[in-house]
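A.B. asks: Provided herewith is a single structure, encoded as structure tokens, for subsequent inquiry.
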Amino acid sequence: GRGIAGAVADIAVGTFGKAFGFFGAFVLLPEGFKEYLFNFSSPLIYTTTLPEAHAATAIDILEIIERSEDRRAHVRGISGYMREGLRRGGFHVSGDAHILALTVGDEEKAVKVSRRLLEHDIFVLPARYPTVPLGKAILRISITALLEEKDIKSFITCIKKANDELT
């Protein structure tokens, strides 16, 4: 693959739920294994197939992914720019890919910061207990190829203001 996984094993299982934005999953495997699974895998036998349009769209998305190295490079760069800008702003940030976790700590404050950001049309969801340990709430920041440096600067300004107002 061209993503984080790079090299793939002989058999791989994936989901359409994240990058594809769909439901369902897939298995990549050698031809001989396919017939075995069709005949002996209970979960496969008792399920339905994906709608044809769903599968066709997944193929289209794969083609876009294949020719989008420039977008991936941009996401890597803009993600680093965001991470470093937030750290310079005094925030604790983890993650080195297109999803960053900004530590807030207090669950209620995380929700309030998220709501303040939404007032500026910035959608960032808080992750709270029990998703994360109690008292270790985070804001989960997703970076896309559509973001530019000016968007990152605006985000950092908004989150600093929201954080300062709630401290």
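The values are calculated or read from the model by the stated rules, or taken from the named source; none is laboratory data. This structure is a prediction, so every number in the text was calculated from the model and none was measured. Methodologically, a virtual Cβ is constructed for each residue, glycine included, from the backbone with ideal geometry; neighbour enumeration extends over all protein chains shown.
A.B. asks: Do we find a residue being out of contact with any Lys or Arg (no Cβ under 8 Å at 6 or more places or on another chain) and in contact (Cβ under 8 Å) with a residue 24 or more places away in the chain anywhere in region 28-49?
C.D. replies: Checked region 28-49: no residue is out of contact with any Lys or Arg (no Cβ under 8 Å at 6 or more places or on another chain) and in contact (Cβ under 8 Å) with a residue 24 or more places away in the chain.
A.B. asks: So how many residues does region 77-133 have that are among the basic types (Lys, Arg), closer than 25 Å to residue 19 by Cα and in contact with a helix residue (DSSP H, G or I) (Cβ under 8 Å, 6 or more places away or on another chain)?
C.D. replies: Here the count works out to 1.
A.B. asks: OK, next. Would you check which residues across region 116-136 are under 20 Å from residue 165 (Cβ atoms) and among the β-branched types (Val, Ile, Thr) and list them?
C.D. replies: 122, 124
A.B. asks: Out of region 3-19, which residues are in contact with a helix residue (DSSP H, G or I) (Cβ under 8 Å, 6 or more places away or on another chain) and modelled with pLDDT of 85 or more?
C.D. replies: 11, 16
A.B. asks: Moving to a separate point now. If you check 83, 115, which single one turns out to be free of Cβ contacts under 8 Å to residues at least 40 places away in the same chain, among the charged types (D, E, K, R), in contact with a strand residue (DSSP E or B) (Cβ under 6 Å, 6 or more places away or on another chain) and not in a strand (DSSP E or B)?
C.D. replies: Criteria check complete, one pass: 83.
A.B. asks: Right, another one. Which residue, of 139, 146, is assigned to a strand (DSSP E or B) and within 25 Å of residue 18 (Cα to Cα)?
C.D. replies: The match here is 139.
A.B. asks: Would you be able to say whether some residue in region 66-79 is modelled with pLDDT under 95, over 14 Å from residue 145 (Cβ atoms) and assigned to a helix (DSSP H, G or I)?
C.D. replies: Within region 66-79, one or more residues are modelled with pLDDT under 95, over 14 Å from residue 145 (Cβ atoms) and assigned to a helix (DSSP H, G or I).
A.B. asks: Continuing with this model, one more query. Given the criteria buried (at least 17 other Cβ atoms within 10 Å of the Cβ) and closer than 18 Å to residue 163 by Cβ, does residue 113 qualify?
C.D. replies: Answer is yes for this residue.
A.B. asks: Keeping to region 83-110, report how many residues are under 21 Å from residue 136 (Cβ atoms) and surrounded by 18 or more Cβ atoms within 10 Å (Cβ to Cβ).
C.D. replies: Matching residues across region 83-110 total 8.
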